[in-house]
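Student: Input: one structure, supplied below.
The values are calculated or read from the model by the stated rules, or taken from the named source; none is laboratory data. If you're wondering where the values come from, they're calculated on a predicted model, not measured in any experiment. All Cβ positions, glycine included, derive from the backbone under ideal geometry; neighbour counts span all protein chains shown. Heads up: the accessible areas ignore ligands, DNA and RNA and are worked out on the full protein's heavy atoms, side chains in. Shrake-Rupley method; radii C 1.70, N 1.55, O 1.52, S 1.80 Å.
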Amino acid sequence: MRNRNRPQRISSLREAASWVWWHLLMRPAFRSRILVIGAGLAGLAAAIRLRQSGCEVTLVERNDAPGGKLRALEWEGFRWDTGPSQFTLPQVLGNLWESVGRKLKDDLAPQRLPVTCRYWWRDGTRIDEDAGFWQQPGVDAVVRHGRGVCQAGAGALLHRPIEEWRDHLAWRRPACLPHLVKLADPRPLSSAAARFFPRSPHLQQWLGWFAGRAGASPYHAPSSMTMLPFLRAEFGGWYVAGGMQAVAAALVRLARQLGVVVETRLEAVRFEANNDAWTVFLRSREGGPSSPRRCDGIVCTMDALAATRRFLDPGFQPQRPLSASGFVIQAAIGRDYPELAHDNVFFSQDFHAEFADLFGRLVPPDNPTLQVTVSSKTDPSLAPAGCGNWLVFVNAPPLQPKFDWTFRAQRYADRILGQLAEFGLEDPRPHVRWMKTTTPADFAARYLSPGGALHGYATHGLRAPLQRPAIASPLPGLVFAGAATHPGPGIPQALLSGQLAARALLRQRGGPDLELAAAWDAQA
């Protein structure tokens, strides 16, 4: 009995020691009551940094549990992540732990994937994105181009708020000046793909898909998006045993150990500014009247476009095209497919027609590019032996009246799964034991985003990376964070946006200025 209770006792002692260390030795003198709305990655990062600076922080989440898009779904021995299947720039997580005097390895052990993705075409071509892939002629040129973009603009694009972008371009470092041309190239990513791979339509699609991953079209996204394959080549793709929701769970534990109060099933319905303070009206998901909550500042991680309409300007309408939404299938597959990797992309036959459907006709493509994640390839505990936990994702347009997902979701799912047989796989449909679909309508209801768009505005045009909603709102004491704000979608970007929001709010409140570590050292 003593041995069985020992790990729990050790854990309790560690938490007690952490509390003493923080409250007696590290906690600053600054005090301010901050309410963080939304317990996704951005909200958790903001709460941790604000608490580190001495604020009293309460984190409220409208859903049943914290974690945002990093949640888990389970069915009879199968487990699926509901969000990203891997992440890059692991040092962003490490820096967050170090900012409170902790080490990431004590709470989380990310592992690098040997193949970040396997790409498939109907003509039988397969390409593994592994260490050797990045050394190939043409691909290495893309990596060099992306490195130059980072050297010129990583400060403006990743590390600092939009309003400070001019101060963080690399024009003060002569060695980086030639790379400003790459950052300012007005041509789209598809044009860069044609220049880098004039004789390889396959690699043109590969490079263009980095825009597709971010919910944008490669025919409109800026060529500066080459920074994304560079970051992937430089830092790899990372996964966490037990599923990616373990990242969110570790952040929740860290926040609570520091003294952040986390409350769920509470939705913010109204803000009122009162001189130097705010009143936020919160309503329980169980119903009933809303109750007021006083605070000195607000970090709102709800979709910034939806939050602007709900809390600041009821007549607000998005000014530019929205990013894509998504259609997701989580399927329990009753056989193993040894030819699949952790992440797989099955390309459409007509890339141009696919994105014309998504952003022109605003209809789900008949022949979309499919992303199939089988995380049980990396972590066998996520599915019974000989089975696979398939998560199939395709880009879909935001909600449109002419397409009713209620009646078409199952038929669309069947068509998508059937397309995999065209790539040489055995048709998975006879092996489906259980299946769940998630549509743009579900995303709109779950995250309150316009039309279920997953990333706010689409990253279309040269200036698009600097035209996202700003962290600081027009009202002092209210800041935004999350995938729809600067610096954009992705796990490291969401964590960075939360820390930028914490820094902005502390500056407004007269608190300490947060030191923000660079996600990537532009001098490297």
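Student: Rounded to the nearest 500 deg cm²/dmol, what is the calculated helix-only ellipticity per residue at 222 nm for the chain, with -39500 (n - 2.57) per DSSP H run of length n ≥ 4? Let's see the in-between values first.
Tutor: Values: 14 runs with 155 residues, N = 524.
The helix-only estimate for the chain comes to -9000 deg cm²/dmol at 222 nm.
Student: Starting from the coordinates of the alpha-carbon atoms of the stretch 393-495, obtain the Kirkwood hydrodynamic radius over all distinct pairs and give the value in Å to one decimal.
Tutor: Details: mean 1/r = 0.0606 Å⁻¹.
Every distinct Cα pair counted, the radius reaches 16.5 Å.
Student: From the residues Gln257, Gly510, Ser284, which one has its Cα farthest along the dipole of the chain in the positive direction, the dipole being from +1 and -1 charges on Cβ of Lys/Arg and Asp/Glu about the Cα centre?
Tutor: The listed residue farthest towards the positive side: Gly510.
Student: For the chain, give the magnitude of the charge dipole about the Cα centre (Cβ charges: +1 Lys/Arg, -1 Asp/Glu; no others), in debye to the nearest 20. Could the numbers behind the result be given before it?
Tutor: Working: 60 positive and 45 negative charges, 226 e Å.
The calculation lands at about 1080 debye.
Student: Work from the charge dipole of the stretch 295-426 (Cβ charges, +1 for Lys and Arg, -1 for Asp and Glu, about the Cα centre) and give the residue of Pro364, Trp405, Gln330 farthest towards its positive end.
Tutor: It is Trp405.
Student: Could you give the nm distance between label points at Lys402 and Val269, where each point is 7 Å from its Cα heading toward the beta carbon?
Tutor: Label-label distance for Lys402 and Val269, simple model: 3.7 nm.
Student: Subtract the Cα-Cα distance of Gln135 and Glu234 from 0.36 nm times their separation in residues, and report this length gain in nm to one decimal.
Tutor: 34.5 nm
Student: Using 0.36 nm per residue, how much length does the chain from Val363 to Ala421 gain when fully extended, once their Cα-Cα distance is taken away?
Tutor: Working: separation 58, 0.36 × 58 = 20.88 nm, distance 2.36 nm.
Gain on stretching Val363 to Ala421: 18.5 nm.
Student: Percent of Cα-Cα pairs more than 23 Å apart in the stretch 34-178, please. All intermediate terms of the calculation are to be shown ahead of the outcome.
Tutor: Values: 6295 of 10440 pairs.
The calculated P(r) of the stretch 34-178 puts 60 percent of pairs beyond 23 Å.
Student: In addition: Kindly express, to the nearest 10 degrees and within the range 0 to 90, the angle between helix 405-419's C-alpha long axis and the longest C-alpha principal axis of the chain.
Tutor: 50 degrees
Student: With every protein chain present, what is the per residue accessible area of the stretch 180-279 (1.4 Å probe, Å²)? Present the calculation step by step, with values, prior to reporting the outcome.
Tutor: Working: 3550 Å² over 100 residues.
Per-residue value: 36 Å².
Student: When you count, for each residue, the other Cβ atoms within 10 Å and take the mean per peptide, how do 192-205, 390-403, 499-512 rank with the highest first?
Tutor: Details: 192-205: 17.6, 390-403: 20.2, 499-512: 22.6.
Descending mean neighbour count gives 499-512, 390-403, 192-205.
Student: Pairs of lysine in the chain with Cα under 26 Å and at least 8 positions apart or on different chains: total?
Tutor: 7
Student: Using Cα centres only, tell me the gap between the stretch 440-491 and the stretch 358-386 in whole Å.
Tutor: For the stretch 440-491 versus the stretch 358-386, the Cα centre distance is 24 Å.
Student: I would also like to ask the following. Rounded to the nearest 20 debye, what is the charge dipole size of the stretch 166-315 about its Cα centre when +1 sits on each Lys and Arg Cβ and -1 on each Asp and Glu Cβ? Each step should come with its number before you reach the end.
Tutor: Values: 19 positive and 11 negative charges, 85 e Å.
Magnitude of the dipole: close to 400 debye.
Student: In the stretch 34-98, which GluC sites (Glu not before Pro) fall in coil by DSSP and have 12 or fewer other Cβ atoms within 10 Å? Working shown, then result.
Tutor: Working: sites: Glu56, Glu61, Glu74, Glu76, Glu98; in loops: Glu76.
In loop regions of the stretch 34-98 (DSSP not H, G, I, E or B), the sparsely surrounded GluC sites (Glu not before Pro) are Glu76.
Student: Below 8 Å, C-alpha to C-alpha, sequence gap of six or more: please give me the relative contact order for the stretch 222-288 in percent. Provide the component values of the computation, followed by the final result.
Tutor: On the way: 33 pairs, mean separation 12.5, N = 67.
Once divided by the residue count of the stretch 222-288, the mean separation gives 19 percent.
Student: Follow-up. What angle do you read, to the nearest 10 degrees and between 0 and 90, between the alpha-carbon axis of helix 41-52 and the longest principal axis of the chain?
Tutor: Here the helix axis deviates by roughly 30 degrees.
Student: Which whole-number percent is the relative contact order of the stretch 457-515 (Cα, under 8 Å, 6+ apart)?
Tutor: Numbers: 75 pairs, mean separation 15.7, N = 59.
Taking the mean separation of contacting Cα pairs over the length of the stretch 457-515, I get 27 percent.
Student: Further, regarding this structure: Taking 8 Å as the Cα distance limit and 6 or more residues as the minimum spacing, I'd like the relative contact order of the chain as a percentage. It would help to have the intermediate numbers written out before the result.
Tutor: Numbers: 1109 pairs, mean separation 115.8, N = 524.
Contact order relative to length: 22 percent.
Student: When the accessible area of the chain is split by element with a 1.4 Å probe, what percent falls to carbon and sulfur? If you can, show how the numbers build up before the last one.
Tutor: Values: 11210 of 21670 Å².
Percent of accessible area from carbon and sulfur atoms in the chain: 52.
Student: While we're here: Of Ala156, Ala131, Ala141, whose Cα points farthest to the positive end of the dipole of the stretch 120-160 (charges on the beta-carbon: +1 Lys, Arg; -1 Asp, Glu; origin at the Cα centre)?
Tutor: Ala156
Student: For Glu163 and Arg144 in one chain, what is 0.36 nm times their gap in residues minus the Cα-Cα distance, to one decimal in nm?
Tutor: Details: separation 19, 0.36 × 19 = 6.84 nm, distance 2.79 nm.
Length gained, Glu163 through Arg144: 4.0 nm.
Student: Let me ask something else about it. Size of the dipole of the stretch 341-423 about the Cα centre, Lys and Arg at +1 and Asp and Glu at -1 on the beta carbon, nothing else charged, in debye to 20?
Tutor: Working: 6 positive and 9 negative charges, 42 e Å.
In debye, rounded to 20, the stretch 341-423 gives about 200.
Student: Between Arg187 and Glu76, with labels modelled 7 Å along Cα→Cβ, what's the label distance in nm to one decimal, could you check?
Tutor: 5.4 nm
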